[in-house]
Amino acid sequence: MRLFKKAKETMETQENRPVMQHDLPKNYNGAYKLLGKNVKTPIESAAGTNTLVLGPPASGKTFSYVYSNLKKANDHSNFLIYTVKADSKQYKKLLPYHTIIEIDISKRQLDYISLITNTDEAARFFDILYKTSESVIRDNVRVDMSYALEDEKDLFVKAAQYSIETGSCSYEQILKEIADVAEHNDRFTEAVVTGLQTLLDQVKPDKQFVSAITSIINSLRTVRNIAVVLVGSCDVDSYLYSSMFLDQFVYQYRKLLFSSDGSIINVVRLIIDEAASAYCDFDLLSVDAGICRISVDFIYQDVSQIKRMYPDAWGEIEQYGITRYFQNIICFGVPLYETVKFIKDTAELPADFDFHLLSRKQELLFGLETDYKWAVIDKPEACGE
């Protein structure tokens, strides 16, 4: 292993450095991550095993990291993979012993409103829906709806409460209760009702494709060798649907876990490829997920995407350090300015170190396996190219 201790390295010395190797503990028989060509880390407990992967386009984030981890997976890991590059044949090839379940986000396959069981969950549902919408599309024009936020939220929570009391918290029942509540309360104007209905229309389930999120969770929790592939894209609708799924998945997973016998047969590897195309409660994904034996891989092109999407969480990172959320950081390719600054702030690098000296077969690794210093190591062997 070569750590950054010298003032300068040439391409020749980097390519001929000693090969870093970090194997699993002796007699370990559980889930693990492949961080580099010869670097593995155990994740059987899942808590505190999240990984941040950074790299510009075509730097190897998918082929070298995601696909290699799938190809090398044992039967102690189930997978939930969010991707905008879905290829069913490729996943079946990489995971030949896993059952592949593919969910196309664009088809609105999941009914989230039916998961609401109390007013706290209703308020939480509204908040995440609003955060991922921020502005509502009306007549193809984006309109800032923040002025009506509290009225819309209160109306939704009241309607959800009445729907729950009827024993039918569904999209259709919620709309009926919204109309009834507004009719008997002057506070909820026509504009508030229309705004809320427009907001909810974004998560109206298509009954032709509705599938239960609880059945997906139970499969991942209780059946070995399951891989759920969540197919998204980079458009506005996909951003909303993928964000709702990831949020509800972790929230409902934890809820079901603590309301059942608590058994989990396999660690779940949650891999969020192109994570900037999906929003979720950062604390929920990076902290609560670990409690449920879910190990998360966040894959971004640049740290500026994280700072923009999660300013509060980034403030925590700046105050307490990156290990508050991530055990390991992997950097591929020549990073953009914000990422270079982040790398230098995380651990000391020589002032004249040149990222261009890294070959296409190399990566930067920071974390437990490198004693929390930056190290140049070989990438996992690329798969699927």
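Among the residues that make up the stretch 246-255, is at least one of them among the aliphatic types (A, V, I, L, M) and in the same structural domain as D302 (by TED's automatic domain parsing)? Yes, the stretch 246-255 contains at least one residue that is among the aliphatic types (A, V, I, L, M) and in the same structural domain as D302 (by TED's automatic domain parsing).
Are any of the residues in the stretch 58-71 within 22 Å of D288 (Cα to Cα), surrounded by 22 or more Cβ atoms within 10 Å (Cβ to Cβ) and within 18 Å of the chain's Cα centre (by Cα)? Taking every residue of the stretch 58-71 in turn, none turns out to be within 22 Å of D288 (Cα to Cα), surrounded by 22 or more Cβ atoms within 10 Å (Cβ to Cβ) and within 18 Å of the chain's Cα centre (by Cα). Highlighted here are the helices (runs of 4 or more DSSP H) found entirely within the stretch 153-240 that include at least 3 residues which are touching a strand residue (DSSP E or B) at 6+ places or on another chain (Cβ under 8 Å): 190-201, 213-222. Restricting the stretch 330-366 to residues that are at pLDDT below 80 and loosely packed, with under 15 Cβ neighbours inside 10 Å, the residue that is nearest to the chain's Cα centre (by Cα) is E348. Which condition does V268 not pass, out of (1) under 23 Å from D312 (Cβ atoms); (2) among the hydrophobic types (A, V, I, L, M, F, W, C); (3) crowded, with 18+ Cβ neighbours inside 10 Å, if it passes all the others? (1) is the only condition that V268 fails. Just one of the listed residues (I116, I105) is touching a Cys at 6+ places or on another chain (Cβ under 6 Å), surrounded by 23 or more Cβ atoms within 10 Å (Cβ to Cβ) and within 23 Å of Y241 (Cα to Cα), namely I116.
When D297 is tested against (1) in a loop (DSSP other than H, G, I, E, B); (2) in the same structural domain as A58 (by TED's automatic domain parsing); (3) in contact (Cβ under 8 Å) with a residue 60 or more places away in the chain; (4) of a type outside the set (A, V, I, L, M), exactly one condition is not met: (1). Do we find that V340 is of a type in the set (A, V, I, L, M), assigned by TED's automatic domain parsing to the domain that holds P42, over 24 Å from R124 (Cα atoms) and not in a loop (DSSP other than H, G, I, E, B) in this structure? Criteria met by V340. Within the stretch 16-37, the set of residues being surrounded by 15 or more Cβ atoms within 10 Å (Cβ to Cβ) and modelled with pLDDT of 50 or more comprises M20, H22, G30, A31, Y32, K33, L34, L35, G36, K37.
Of the residues making up the stretch 296-310, none is exposed (fewer than 15 other Cβ atoms within 10 Å of the Cβ) and over 30 Å from K131 (Cβ atoms).
The values are calculated or read from the model by the stated rules, or taken from the named source; none is laboratory data. The structure presented is a predicted model; accordingly, all values stated were derived computationally and were not measured. Quick reminder, even Gly has a Cβ in these numbers, built from the backbone with ideal geometry, and neighbours come from all protein chains shown.
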